[in-house]
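Here's the structure, in structure tokens; my notes come after.
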Amino acid sequence: MFEHIQQAAPDPILGLTEAFKADPRPEKINLSVGIYKDATGATPVMRCVKKAEQKLLDKETTKNYLEIPGAAEFAEGMRRLNIGEASLAVTEKRVFSAHTPGGTGALRVAADFIKSQLDGKKVWLTSPTWPNHGQVFAAAGVETDSFPWFDAANNVFAEEKALDAINKIPEGDIVLLHGCCHNPCGADPTGEQWKKIAEVLSTRNLLPLVDFAYQGLGDGLDEDRRGVEALLETCPEMIICSSCSKNFGLYRERVGAIHLVCKTADQAKVAGSQLKRVIRSNYSNPPAHGELVVAEVLQSEELTKIWIDELDEMRARIQSMRTLFVKTLKEMGCSKDFSFLEDQRGMFSFSGLGPEQVDLLRDKHAIYIVRSGRINVAGMTESNMPKLCQAIMDVL
Ligand code: LMR
């Protein structure tokens, strides 16, 4: 039965972590997968999470199932966080929310929902995009296509090309946008550009699907919501998929959320009933631990304050690594100008390195980055910086 099965290619991101772990060279550096590392290169459990876990441990009385969409307090907290408590969609109760196993789980639930309720609609992905997007939709039987996003010559969002392309997408299709901290290129629209995107989407009657995995790691929790807010101004319906992997450091606990923003509260109930069917036939109901941790933090003023302070520290460290990277390369006399990295936000930037240079970095210097040239800035530290910059100079 299994003899015909062919070896699958390793995952372009998580496969690199496997290769990194197997690499015996002690000075190796992993800048591939999007995880935050502190100044010592560790990915510790956040203080707010430890405190919330302690509270939960003390008060937990059952391991009974959660409801299909998860705990109501989690959904409420995530709506406030991802959409904003003053948003009309939230105050008018036009949003149905569910906990999903991570941001990827949210995307898969969205894909299954699209397949079952909006069959025949294509999902349009930015070019470039996170390599898993295509696979997730393909696995659900949803067709994808792409539109240009990145202006590689100037390392910015390619406003004109993107707007032009979105304008030509067939009415009723779905457009997947990165809420902030574009993965992989780090190039986000400005507030004004978001408004233009929103305008085109609404004129063309396109459904926004926002992948919101890095809130808080760009300019701040509220500031990073500017894209979602601009879309909400003009688009009455949308899907938002968010993740608590990075901003709560809950990677392995698999905590994410899907929000269906509908035109009316009644429609939200009806669409939500279908979303529940999708979840029930997939993983039945979500795992409790991570979402209860998040709910605990978001419900407590004291824990929320600790969380925001920690997030501020993380964001400042990432930005300081961007600055140090650019400065170190300059001081070493690098021929290529990397100063664009300082203008970008979030964990990722495109380095501009090609596949051969990426391979050379790995084979000769034990430095792992994604083959597209994407680097995880959050994996840089003061101590690995000289080696990293020397190696980049060597492969340029
Ligand atoms: C990444 O892009 O590195 C992260 O989103 C982790 C993942 O699952 O790929």
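Springs between Cα atoms under 10 Å define the GNM used for the chain, and in it the highest mean-square fluctuation of 352, 333, 102 occurs at 333. Per DSSP H run of n ≥ 4, the term is -39500 (n - 2.57); total these for the chain, divide by its residue number, and report the mean residue ellipticity at 222 nm rounded to 500 deg cm²/dmol. So the helix-based figure for the chain works out to -14000 deg cm²/dmol. Averaging the sequence gap over all C-alpha pairs within less than 8 Å and six or more residues apart, then dividing by the number of residues, gives the chain a relative contact order of 26 percent. Note on the chain: dipole from Cβ charges, positive end direction compared against 303, 167, 87; the farthest Cα belongs to 303. Taking 0.36 nm per residue of sequence separation and removing the Cα-Cα distance, the residue 154/residue 382 pair yields an extension gain of 79.3 nm. In this structure, the amide hydrogen of residue 29, modeled 1.01 Å from its nitrogen in the peptide plane, lies closer than 5 angstrom to those of 367, 368, counting only residues at least 5 positions away or on a different chain. With a cut-off of 19 Å, note down the residues of region 132-172 whose backbone N falls inside the zone around a label point 7 Å from the Cα of residue 339 toward its beta carbon. In region 132-172, the label zone of residue 339 (backbone N under 19 Å from the point 7 Å along Cα→Cβ) covers 152-157.
For the residue pairs 50/195; 195/263; 51/246; 161/330; 55/276, the C-alpha atoms sit more than 27 angstrom apart in 50/195; 161/330; 55/276. Shown for the chain is the translational diffusion coefficient from the Stokes-Einstein equation, using the Kirkwood radius over Cα pairs, a temperature of 4 °C and a viscosity of 1.567 mPa s: 59 µm²/s.
Need one number: the % of Cα-Cα pairs in region 1-98 sitting beyond the 19 Å mark. Of all Cα-Cα pairs in region 1-98, 71 percent lie more than 19 Å apart. Residue separation of residue 395 and residue 267 scaled by 0.36 nm, minus their Cα-Cα distance, works out to 40.5 nm of gained length.
If the segment from residue 252 to residue 163 were pulled out straight at 0.36 nm per residue, it would be longer than the present Cα-Cα gap by 28.4 nm.
Run the reach check for residue 305 against aspartates and glutamates, Cα to Cα strictly under 20 Å, same-chain hits fewer than 8 apart removed. What comes back? Excluding near neighbours in sequence, the set is 38, 53, 73, 76, 85, 219, 222, 223, 224, 291, 296, 313.
Under 15 Å from the 7 Å Cα→Cβ point of residue 146, by amide nitrogen: which residues of region 1-27? The answer is 12-13. Summarising the label geometry, the points placed 7 Å from Cα in the beta-carbon direction at residue 331 and residue 117 lie 5.4 nm from one another. Largest GNM mean-square fluctuation among 344, 193, 215, using the chain with Cα springs under 10 Å: 193.
Read the figures in this text as sums done on the coordinates, not as results from a lab. Here the structure is a predicted model, which is why all the values come from computation and not from measurement. Using ideal geometry, Cβ is built from the backbone for each residue, glycine included, and neighbour counts are taken over all protein chains shown.
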